[in-house]
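First comes the structure, then the notes that go with it.
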Amino acid sequence: MKQKPSVVVLGGGTGTFMMLQALKRLSVDLTAILTMVDDGGSNRVLRDEFGLLPTSGISQCIVALSENPSLLRELFNYRYKQGNGLSGMRFGNLFIAALTDILGSQKQAIAETVKLLQVKGKILPISYDDVRLVATYEDGTEVVGEHEIDEPKHDGKLKIVNLRTEPATKVTDEAKQAILEADYIIIGPGDFYTNTAANFVVDGLKNVLLKSSAKKIFVSNLMTKSGDTYGYTLQTFMEELDKYYSLNDLDYVVVNSNTDYPAEALALYEEKQSVPVEDDVGEEYKSVKVLRADLFGGKVHRPAAGDVLNRSILRHDPDKFANFFEEQFLV
């Protein structure tokens, strides 16, 4: 008999990092299932020069779930600020790359790193295939690569109408097992197409989710994003999720109710054509119950030195989310 409820977080990127920081505080068995399509920044180097799958998301989650209080945890999250080819690279990525070379297996290297940093929970790639994400926009334009979708050179106001991987890939047996054994599955928050829907276009994921008896929870983003969700309201997010998954199988959507965002942050977002997600649904949307709570901590997150990628500066607060999840689902 299980002693703790099992929680699976499905996603990738900063949103999943925050979610794991939150749930780590609770008495639950945690598993992170991560998209493997990232090809920007240091991941581009890992893929193009080392022939490895992207590990930035994995190393982020390792840090989030690490219970190792030593300097090693801080070192693993260190980002180089200078050096030709090193600037912007996380030490953790280089560590996993070196360990892969030593052990001859990236899968084994990840497993050993998890042990070394005393990770609370499991971290599972959704697949181990070398794939690229391909988005088709409403004007027929196709964009190849997660980074090109995330930081568009095309018209960022265009809506994505189809998403796929090239080549096709399928969900791992380990990820399937975690989903089938879960009591709760949390989807998001994160860049909707490149961190959320990117998982749903992996063959077999939708079917195994439909078979799972877990409570499924979608956590809405705080902000829209040009190239990804320009002009989206909460209802648009739900409609798009229904295209890639099924609202009939979703139990809850969680929405932040505190939109008192700092003016300086909103101004920076406005420069990138991003605005707060409008909450335009009622207490239920179709069969999905809408839960609202103050989940914003008031902090503006500054980019780390050496980080050249576009990151979220307004985020859900881990402490608030942990308290909300415990009170709503675990008490």
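The values are calculated or read from the model by the stated rules, or taken from the named source; none is laboratory data. The structure displayed is predicted, hence computed values, not measured ones. Positions of Cβ are backbone-derived with ideal geometry, glycine not excepted, and every protein chain shown enters the neighbour counts. When the accessible area is computed, the model is the full protein with side chains, heavy atoms only, and any ligands, DNA or RNA have been set aside. Shrake-Rupley method; radii C 1.70, N 1.55, O 1.52, S 1.80 Å.
Sorted from longest to shortest, the spans of the Cα atoms of the stretch 184-271 along the three principal axes equal 45, 25, 17 Å.
Just so you know, the Rg over Rh for the stretch 100-241 is 1.00, from Cα atoms, with Rh as the Kirkwood radius. Shape annotation for the stretch 218-309: C-alpha extents along the principal axes are 43, 26, 21 Å, from largest to smallest. Scanning residues 5 or more positions from Tyr245 or on other chains, none has an amide H under 5 Å from its amide H, with H placed 1.01 Å from N in the peptide plane.
Mind checking which of Ala135, Ala168, Ala97 has the largest fluctuation in a GNM of the chain, springs on alpha carbons under 10 Å? For the chain, modelled as a Gaussian network with Cα springs under 10 Å, the answer is Ala168.
A viscosity of 1.567 mPa s and a temperature of 4 °C, combined with the Kirkwood radius over C-alpha pairs in the Stokes-Einstein formula, give the stretch 44-116 a diffusion coefficient of 104 µm²/s. Each of Ser87 and Lys286 was given a label point 7 Å from its Cα along the Cα-to-Cβ line. The distance between the two points is 4.7 nm.
Calculated from the alpha-carbon coordinates, the stretch 123-187 shows an Rg and a Dmax of 15.0, 42 Å respectively.
Mean sequence separation of contacting Cα pairs (under 8 Å, at least six apart), scaled by the length of the chain, corresponds to a relative contact order of 19 percent.
Annotation: amide H-H contacts under 5 Å for Lys215 (H modelled 1.01 Å from N, sequence separation of 5 or more, or interchain): Tyr184, Ile185.
The aspartates and glutamates whose alpha-carbon is closer than 17 Å to the alpha-carbon of Lys215, local same-chain residues fewer than 8 away aside, are Asp29, Glu181, Asp183, Asp242, Asp249, Asp251, Glu284, Glu326, Glu327. Surface composition of the stretch 42-107: carbon and sulfur make up 52 percent of the accessible area, probe 1.4 Å. Heavy-atom accessible surface of the stretch 1-77, averaged per residue, reaches 37 Å², computed with a 1.4 Å probe.
For the stretch 227-274, just say rounded, prolate or oblate: build the C-alpha gyration tensor, square-root its eigenvalues into a ≥ b ≥ c, call rounded for a/c under 1.5, and beyond that prolate if a/b exceeds b/c, oblate if not. Oblate is the answer for the stretch 227-274, as a/c is 1.5 or above yet b/c matches or exceeds a/b.
Separation of the stretch 209-224 and the stretch 119-145, taken as the distance between their Cα centroids, equals 18 angstrom. Accessible surface area normalised per residue over the stretch 241-331 is 54 Å², counting heavy atoms of protein chains with a 1.4 Å rolling probe. Within the chain, the longest run free of exposed loop sites, counting GluC sites (Glu not before Pro) that sit outside DSSP helix and strand states (H, G, I, E, B) and have at most 13 other Cβ atoms within 10 Å, spans 139-282. Roughly how many debye, to the nearest 20, is the charge dipole of the chain about its Cα centre, given +1 on each Lys and Arg Cβ, -1 on each Asp and Glu Cβ, and no other charges? The calculation lands at about 960 debye. With contacts taken as Cα pairs under 8 Å and at least 6 residues apart, the stretch 5-90 reaches a relative contact order of 25 percent. Contact order, relative form, for the stretch 117-234: 30 percent (alpha carbon pairs under 8 Å, 6 or more residues apart, mean separation divided by residue count). Amide hydrogen proximity for Arg292: with H placed 1.01 Å from N in the peptide plane, the residues at 5 or more positions away or on another chain lying under 5 Å are Val255.
Decide, for the chain, between rounded, prolate and oblate: order the square roots of the alpha carbon gyration tensor eigenvalues as a ≥ b ≥ c, take rounded if a/c falls under 1.5, and otherwise choose prolate if a/b is larger than b/c, else oblate. Because its axes are fairly even, with a/c under 1.5, the chain counts as rounded. Please report Rg over Rh for the stretch 89-143, where both radii come from the alpha carbon positions and Rh follows the Kirkwood definition. Looking at the stretch 89-143, the ratio lands at 1.18. The GNM of the chain, with springs linking C-alpha atoms under 10 angstrom apart, assigns the highest mean-square fluctuation among Leu158, Leu268, Leu26 to Leu268. Annotation: extensible slack from Ala111 through Lys159 equals 13.5 nm (criterion: 0.36 nm per residue apart, minus Cα-Cα distance). Estimated purely from DSSP H runs of n ≥ 4, each contributing -39500 (n - 2.57), the mean residue ellipticity at 222 nm for the chain is -9000 deg cm²/dmol once divided by its residues.
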